[in-house]
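Colleague: Below is the structure I would like to discuss, written out as structure tokens.
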Amino acid sequence: MESRIDVIRADITKIKADAIVNAANSALMGGGGVDGAIHAAGGRKILEECMAYVAANGRLPVGEAMITSGGMLPAKYVIHTVGPVWSGGNNKEDDLLKNAYLNSLKIASAKGIRSIVFPNISTGIFHFPKDRAAAIAVDTTKEFLKTNSSIERILFVCYDEENYQLYQSKITTE
Ligand code: AR6
């Protein structure tokens, strides 16, 4: 069967898909890294939806996800999730990163989204080890797809060559 999971090296803000995922923080006010790039390219509407969400629900806990429109982006929706800050590995970082992927996928599925694009959550400013994060990302999505038929395509977008190589080897290994 043709794989529903793929990887490319690109800028996630340029990708046309039903949804791209943002590696946000709990305040949902934008920031650096991919979060900054998404808000810069997507425009004010995304930030306004994030602010309305926080006003109604409070800060987004680590490992959780919420959805906004895509604003001016080519993607229809942005799913904002919060990965863990790496702090040595004994503070539930693995579980929290897994939850960030899983909860993003659950929101996508509930919304009828067929194509979803992930950045390498937590591996930049939050310093999660890249190899370990890639294993969690690929294992979690493969496992999810086993019992889900509504999501047709999951694309991992890597910004750096190291992540790209890691994902390529993990996606092709069963
Ligand atoms: N397209 C795709 N990937 C990107 C892009 C882009 N335009 N820009 C960066 N990356 P990071 P985190 C990659 O730091 O570690 C923010 O301030 C980057 O190379 O964006 O989860 C938030 O507000 C790395 O591989 O997110 C939070 O406070 C990956 O995206 C905090 O950073 C994630 O790096 C979140 O830190």
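Colleague: Roll a 1.4 Å probe over the protein chains and send me the accessible area per residue for the chain in Å².
Modeller: Dividing the accessible area of the chain by its residue count gives 49 Å².
Colleague: Need the C-alpha centroid separation for segment 148-174 versus segment 77-112, integer Å.
Modeller: The distance from the Cα centre of segment 148-174 to that of segment 77-112 comes to 16 Å.
Colleague: So how far apart, in nm, are the two label points at residue 150 and residue 48 if each is 7 Å from Cα heading toward Cβ?
Modeller: Output for this residue pair reads 2.8 nm.
Colleague: In addition: Using modelled backbone amide H atoms (1.01 Å from N, in-plane), which distant-in-sequence or interchain residues come within less than 5 Å of residue 77's amide H?
Modeller: Amide H neighbours of residue 77, under 5 Å, 5+ apart: 19, 20, 70.
Colleague: For the chain, give me the percentage of DSSP beta bridges that are antiparallel, rounded to the nearest 5 percent.
Modeller: Here the share of antiparallel DSSP bridges comes out near 25 percent.
Colleague: A further question on this structure: Determine, for each peptide in 72-81, 16-25, 37-46, the mean count of other beta carbons within 10 angstrom over its residues, then list the peptides with the highest first.
Modeller: Top to bottom by mean Cβ count within 10 Å: 16-25, 72-81, 37-46.
Colleague: Ranked highest first by average number of other Cβ atoms within 10 Å, how do 130-138, 87-95, 56-64, 26-34 line up?
Modeller: 130-138, 26-34, 56-64, 87-95
Colleague: Anything over 26 Å Cα to Cα? Flag those among 14/130; 45/170; 76/130; 76/170; 45/106; 45/111, in the order listed.
Modeller: Correct reply: 45/170; 76/130; 76/170.
Colleague: Right, next: Tell me what the chain gives for mean residue ellipticity at 222 nm when only DSSP H runs of n ≥ 4 count, each as -39,500 (n - 2.57), the sum divided by the residue total, rounded to 500 deg cm²/dmol.
Modeller: Calculated at 222 nm, the ellipticity per residue is -13000 deg cm²/dmol.
Colleague: Another question, if that's okay. If you roll a 1.4 angstrom probe over the protein chains with everything in place, what fraction of the accessible area of segment 113-174 belongs to carbon and sulfur, to the nearest %?
Modeller: Of the solvent-accessible surface of segment 113-174, carbon and sulfur hold 52 percent.
The values are calculated or read from the model by the stated rules, or taken from the named source; none is laboratory data. Keep in mind that this is a model prediction, so the values were computed, not measured. Here the Cβ is made from the backbone with ideal geometry for all residues, glycine too, and neighbour counts use every protein chain on show. Just so you know, the surface numbers come from the protein's heavy atoms only, side chains and all, with ligands and any DNA or RNA stripped out. Shrake-Rupley method; radii C 1.70, N 1.55, O 1.52, S 1.80 Å.
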